[in-house]
1. Collect the residues in the stretch 128-166 that are surrounded by fewer than 16 Cβ atoms within 10 Å (Cβ to Cβ) and in contact with a strand residue (DSSP E or B) (Cβ under 7 Å, 6 or more places away or on another chain), keeping them in residue-number order.
2. With respect to Val200, determine if the residue is surrounded by 19 or more Cβ atoms within 10 Å (Cβ to Cβ) and over 23 Å from His16 (Cβ atoms).
3. Starting from the stretch 125-143, keep only residues that are without any contact (Cβ under 8 Å) to a residue 12 or more places away in the chain, then list their pairs with residues that are not acidic (Asp, Glu) whose Cβ atoms are within a distance under 6 Å, requiring at least 6 positions of separation or different chains.
4. When the residues of the stretch 73-92 are filtered to those that are in contact with a Ser or Thr (Cβ under 9 Å, 6 or more places away or on another chain) and open to solvent by less than 30 Å² (accessible area, probe 1.4 Å), which remaining residue is farthest from Tyr26 (Cα to Cα)?
5. Which one of these is touching a helix residue (DSSP H, G or I) at 6+ places or on another chain (Cβ under 7 Å) and open to solvent by less than 20 Å² (accessible area, probe 1.4 Å): Ser110, Ser114?
6. Checking Asp146 against (1) modelled with pLDDT of 95 or more; (2) of a type outside the set (A, V, I, L, M); (3) under 23 Å from Ser90 (Cα atoms); (4) over 15 Å from the mean Cα position of the chain (by Cα), which test does it fail?
7. When the stretch 26-56 is examined, which residues are found to be in contact with a helix residue (DSSP H, G or I) (Cβ under 9 Å, 6 or more places away or on another chain), outside any strand (DSSP E or B) and surrounded by fewer than 17 Cβ atoms within 10 Å (Cβ to Cβ)?
8. Just to be sure before I move on: is Val130 outside any loop (DSSP other than H, G, I, E, B) and modelled with pLDDT under 85 in the structure I sent?
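The values are calculated or read from the model by the stated rules, or taken from the named source; none is laboratory data. Bear in mind that the values here come from a model prediction, so they are computed numbers and not experimental data. Because the Cβ atoms are built from the backbone with ideal geometry, glycine has one as well, and the counts that use them run over all protein chains shown. Each accessible area value is taken on the protein alone, full model and side chains, heavy atoms only, with ligands, DNA and RNA left out. Shrake-Rupley method; radii C 1.70, N 1.55, O 1.52, S 1.80 Å.
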Amino acid sequence: MYHLFYTLESSAMCCHAALEEAGAAYELHDVDLLSPLSAEYLALNPNGKVPTLIHERDDGERLVLFQSGGILLYLADCHPEANLAPPPGSSGRGLCYQWLHFLGEMVQQSYMMSYYSDRFTSASQGTAAVDEKGREWVAKLLGQVDSALESGPYFLGEQFSVCDLYLHTLSRWRPGDRSPFDGFANLASCAALVNERPAVQRMMAVHCAEIV
């Protein structure tokens, strides 16, 4: 049994979708990040963020994980029949590691520079410059990903993987009504294709008032 701690439209979306793809038994636990977090939750995730996954394993071990990229790879290993990632040691698995970490460490962090500019500067007048630089980085990095998807439709060609679930989550984060993938045809195409998957639709029914 899995327990996924989440907030709506957060990076927990891709982990939730992976659980659905795997057909795993799980329970969802909504975390209110706008209120003081309980000591119990901070003991699970001292960063005070989501997602957090608890796996009550068949061998009796209780494993607690945070960081969406790590959770995705763990679920891929626990459920090889779901084909969420290529086999360990394969070249495809290497590319899966590369793109999953690139999306989390580079692209998502650049998003954060715009959404949470105050976290990246101690200067009271510095947030506008951080936001501007973040938008520059987002455009540059999404351009790199768009080029990598030219041989798509997925990151690994014809093979769907957890990388595509992560990309789909990033496609949901948009300033105002403008999609961050505007002008990046390959990114938009990949995200739209992932969005059509039944498991992703089930996840979206929980996270999003309107499924698009």
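1. Ser151
2. So Val200 fails the test.
3. Thr127/Ser117
4. Applying the filter and picking the extreme gives Gly92.
5. Ser110
6. Condition not satisfied by Asp146: (3).
7. Within the stretch 26-56, Gly48 is the sole residue that qualifies.
8. Judged against the criteria, Val130 is a match.
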